[in-house]
Structures are given as structure tokens and as C-alpha cells.
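To start, the structure under review is shown below, and the notes come after it.
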Amino acid sequence: MPKHLLPLIPAGLAVVQVLPAPECVTIVTQLQSATATCPDCGTISCRIHSYYERLLGDLPWQGRPVLLHVQARRFRCLDLSCYRQTFAKRLPGVASAAGRRTERLGSLQGCLGLAFGGEAGQRLAMPISADTLLRVTRKAGNDDEPPLTPRVLAVDDWAWCQGRRYGTILVDLERNATVDLLPDRQTETLAEWLRRHPGVEVVARDLAETRSVCGWAGTYGAMATICAYAELGRGA
């Protein structure tokens, strides 16, 4: 049965040299495209102004961290009437404009942060501090536009620091997407979130919080549906 394998480097880059070392694998790359589009006037340019280097963390290779050396370019705009004389070639699908990691590494780190929290996820998410992992997790799944208020909302505990500090994770069960991370497990914090996000119709919570959930859900017009996994298992 064929398996899907991730490419060695993100699309749009070409490998120039691979420099393996015991503690890290360095991959020297360059952009495949010889042209770029001016972000202001939309003119396509092939005139290179200068080169600069970007260092990006990428997915590990055989258990070792990977660092991409990307030889990026600045181009001259060919439209003489354009206010922007030079511009940098962006890396869409590879990394954000000021990012220090590839998008695929950031996505993986965000998933690990959601699953294991800051301190525990740090040990699994490649070289990254617990605080940075939490920041990446907060950005995971966020779009430029504000997310829609979910109709069916799941509420559960989430570890900022395993065994020390816990918060609350909110998940849209219909879209299977994380909506928000609350700083603590207090009922008042969740009630304030619901007050600022009207439109939640169904709330799923475990039996340990049955009474408090029913209280604030009724106050803000949501029907509290208690998803007791143990009870559902016994009733199956």
C-alpha cells in the first residue's frame, strides 16, 4: 500500500547542499522562481536588486532538528511610477514574512501544544521554549478574519504547565477546530467568554461540572448538554 511521504523541503525551494551534523541537519536552499510580483502595483519583475539569507526551522530529519538556509532575493520594480522601488520575494506556503520556522513546523508544534500543553509539548516539539510553544498554539488555526461563534461548543481542561497550571480549551465540535484558550478553569471566565460570543446553542462538558455548566448556560441562552463519556460508555 503506497504511503504519502513529506518532501525533504517545502515546495518552492530547491536544495543546494545538505550539511548533516550530529546535533542538527542544515539544508542550503534557494528559490526556484526567477521572478516576483510587486505587492503594490502587481508588476512582475526579473531584475534582482540584492540577496539576503533567511534561517528557518523545519521538520526534524531522523530525529535531528533541521535548519533551512534560504537564499532569498530582493527585486527592483519595473514600473517607474510605482512608489515601491524594491521589494522582497515572499515565501507563500513556506514561511510568514518575519517567521523563523516553516509553516509545516509551526502547524505541527501547534498541534502538539494543544495535545500536551506547554511544558510537556516542549519535549516533543523540536527545539522550542515552552512560552514560544504556547504562543504558536494560540495562533494555530487562526485566520485573518475573526472565527465564527460555534453553535456546538465543547469545554474541557487544558494544561498550560502540566501538573501546575491549567486553563480551559474551547472547541467547535461541528468544525472540529479550536476556538479559544482561556487562562484558567473558573466558571466566571467562561461565562464572560459566552457573554462576548452570543450564539452558542449547545455546550458539551463532563459530569464534574454539571451544575455550574447548567447555571451559566441557561443564563446566556445555551442548552447545556453534558457529555459524560464514562456514563455514555456504560449505557452503550
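The values are calculated or read from the model by the stated rules, or taken from the named source; none is laboratory data. Keep in mind it's a predicted model, so treat the numbers as computed, not measured. With ideal geometry, Cβ positions are generated from the backbone for all residues, glycine too; neighbour counts draw on all protein chains shown.
Remarks
- Scanning region 30-42 for residues that are hydroxyl-bearing (Ser, Thr, Tyr) and in contact with a Cys (Cβ under 6 Å, 6 or more places away or on another chain) yields one hit, 35.
- Among (1) surrounded by fewer than 15 Cβ atoms within 10 Å (Cβ to Cβ); (2) in contact (Cβ under 8 Å) with a residue 40 or more places away in the chain, the one test that residue 94 misses: (1)
- Taking the criterion of being of a type in the set (Lys, Arg) and assigned to a loop (DSSP other than H, G, I, E, B), the residues of region 80-106 that qualify are 84, 89, 90, 100.
To keep it simple, each residue is scored yes or no on (1) of a type in the set (S, T, N, Q); (2) modelled with pLDDT of 90 or more; (3) in contact with a Leu (Cβ under 7 Å, 6 or more places away or on another chain).
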{"residue": "23", "(1), (2), (3)": "no, no, no"}
{"residue": "48", "(1), (2), (3)": "no, yes, no"}
{"residue": "53", "(1), (2), (3)": "no, yes, no"}
{"residue": "57", "(1), (2), (3)": "no, no, yes"}
{"residue": "64", "(1), (2), (3)": "no, no, no"}
{"residue": "76", "(1), (2), (3)": "no, yes, no"}
{"residue": "84", "(1), (2), (3)": "no, no, no"}
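- Of all residues in region 23-34 being assigned to a loop (DSSP other than H, G, I, E, B), touching a residue at least 40 places away in the same chain (Cβ under 8 Å) and of a type outside the set (A, V, I, L, M, F, W, C), the one that is nearest to residue 87 (Cα to Cα): 33
- Yes/no for residue 14 being free of Cβ contacts under 8 Å to residues at least 40 places away in the same chain and out of contact with any Cys (no Cβ under 8 Å at 6 or more places or on another chain): yes
- Residue among 41, 46 that is touching a residue at least 40 places away in the same chain (Cβ under 8 Å) and among the hydrophobic types (A, V, I, L, M, F, W, C): 41
- Residue under evaluation residue 109, criteria (1) assigned to a helix (DSSP H, G or I); (2) surrounded by fewer than 15 Cβ atoms within 10 Å (Cβ to Cβ); (3) polar (S, T, N, Q), criterion not met: (2)
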